[in-house]
Amino acid sequence: MPSFRLIALAASLVAASSVAPTVAAQPAQQSSTNPERQRIERAADSAYASKNYRRAYELFEQLARIDSTVPRYWMQLGMSAAFTKDYKAGARAFERASASGAGPVASYNAGAMFARLSQPDSAFAWLGRAVQIGFGDTTTLATDDDLASLRGDPRYAKLRHDATVAPAPCREAANYRRFDFWVGNWRVTTPGGQQVGTSHVDVVSGGCALLENWRDMRGSEGKSLNTFDPTSGAWRQFWVGQGGGVTDYNESEWHGSSLTFVAHSRAQNGSAFMQRLTFTPLPDGVVRQFGEGSTDGGKTWTSFYDFHYHPVK
C-alpha cells in the first residue's frame with residue numbers, strides 16, 4: 001500500500017476537525033466517553049495495529065454504525081478494506097469519510113480505490129476533488145501503485161499539473177465573478193465631471209475577493225474588501241477609511257446588474273442608522289457608485305454622494 005495512505009490514516013486519528021496529514025496522532029482525542037464504545041475502539045485499533053485488517057474492518061464498521069459522523073472510523077474502515085483488497089468497500093468508506101469532513105486525504109483515497117476498480121471517470125473525479133481542496137503531493141501521484149491504471153490517460157497529466165498550483169475554487173465560480181465589472185483603474189468624478197478621487201480595484205485571494213484602493217483629491221486613503229459569502233449567498237463589503245471610519249456592509253441584493261450593499265450602525269447620538277451603497281455598470285465601462293443613508297429604518301433615504309468611475313488605461 002502507498003505510504004501516503006498510511007500518513008492519511010495517522011491524520012484520521014486526530015480530532016474530527018483536523019484534515020492535515022501528520023505522522024503522529026493520539027487516537028484517544030476522538031474517543032467516546034461511552035465505556036462500551038471505548039472498548040470497541042481499543043479492540044479496533046489493536047486489530048489494525050496487529051495487521052488483522054479483516055477484524056479491524058468488522059470493528060470499525062460497527063463503530064461507524066454507532067456514530068457515522070466520526071471521520072476516523074470511515075478512514076480506518078477504508079484503510080482496512082484496502083489492505084484486504086476489498087476496493088469497493090474501501091471506496092464507499094472513503095466517500096463517507098470525505099462527506100464527514102476528513103479533507104483531501106479521504107478524497108484522494110476514494111480516487112485510488114476507484115482506480116483499482118478500473119473506474120477511471122470516478123477516480124479522476126475524486127482525485128480532482130482532492131487537488132481542488134488542497135492535495136498537492138505530486139510525488140505520490142507519480143509513484144502510487146494504486147494509480148498505475150490512470151497514468152496513460154490524458155487526464156492524468158492535467159491532474160499532476162493542477163496539483164502544482166494552489167487551489168483557487170473562486171476563480172471560475174460565477175457568484176465570485178459577478179462583481180468584476182468594478183475591477184480596474186478608475187478616475188472618479190461627480191455626474192457633472194468634477195474629479196473627486198482615484199481608485200484601483202484588484203482581484204485578490206485567488207479570486208475570492210475584490211480589494212478597493214481609494215484616494216481622494218486631498219490624498220486621504222481608504223480600502224474596502226469585497227467578497228461573496230457562500231453561507232449567506234450574498235456579497236459583503238468591509239470599508240476602512242483613513243479617518244478611522246469603519247463600515248460593515250453585511251447585507252446585499254442584486255437588482256438586475258446593480259449590486260446594493262446595506263450596513264446597519266449607530267449615529268453619534270446613539271440612534272440607529274442605515275447606509276446603502278449601490279454599484280451599477282453604465283455604458284462605456286463606467287461604473288456608478290451611489291451612497292445613501294436612512295435614519296428611519298429604511299423608509300426614506302437621503303443621498304450622500306453620486307460617483308462615476310471612469311476607466312483609465
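Looking at residue 183, is it of a type in the set (Val, Ile, Thr) and in contact (Cβ under 8 Å) with a residue 24 or more places away in the chain?
yes
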Exercise for the section: Kindly establish whether residue 124 is of a type in the set (A, V, I, L, M, F, W, C), modelled with pLDDT under 95, assigned by TED's automatic domain parsing to the domain that holds residue 112 and farther than 29 Å from residue 251 by Cβ. Expected result: no
Practice task
Check off (1) surrounded by 13 or more Cβ atoms within 10 Å (Cβ to Cβ); (2) modelled with pLDDT of 95 or more; (3) of a type outside the set (Gly, Ala, Ser) for residue 167 and give me the number that stays unchecked.
Solution key: (2)
Practice task
Go through (1) out of contact with any Cys (no Cβ under 9 Å at 6 or more places or on another chain); (2) under 30 Å from residue 288 (Cβ atoms); (3) outside any helix (DSSP H, G or I) one by one and return the number of the condition residue 181 breaks.
Solution key: (3)
Problem - Matching residues in the range 223-278 - criterion: being over 28 Å from the mean Cα position of the chain (by Cα), farther than 21 Å from residue 303 by Cα and of a type in the set (S, T, N, Q) - result: 242
Practice task
Answer yes if at least one residue in the range 65-74 is modelled with pLDDT of 90 or more, basic (Lys, Arg), within 23 Å of residue 116 (Cβ to Cβ) and in a helix (DSSP H, G or I), and no otherwise.
Solution key: yes
Exercise for the section: List every residue pair whose Cβ atoms lie under 8 Å apart, where the two residues are 6 or more positions apart in sequence or sit on different chains, the first residue falls within the range 215-229 and is touching a residue at least 12 places away in the same chain (Cβ under 8 Å) and assigned to a loop (DSSP other than H, G, I, E, B), and the second residue, located anywhere, is small (Gly, Ala, Ser) and surrounded by 16 or more Cβ atoms within 10 Å (Cβ to Cβ). Expected result: 217/197
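The values are calculated or read from the model by the stated rules, or taken from the named source; none is laboratory data. For clarity, every value in this text was computed on a predicted model and none was experimentally measured. Glycine also receives a Cβ, built like all others from the backbone with ideal geometry; neighbour counts cover every protein chain displayed.
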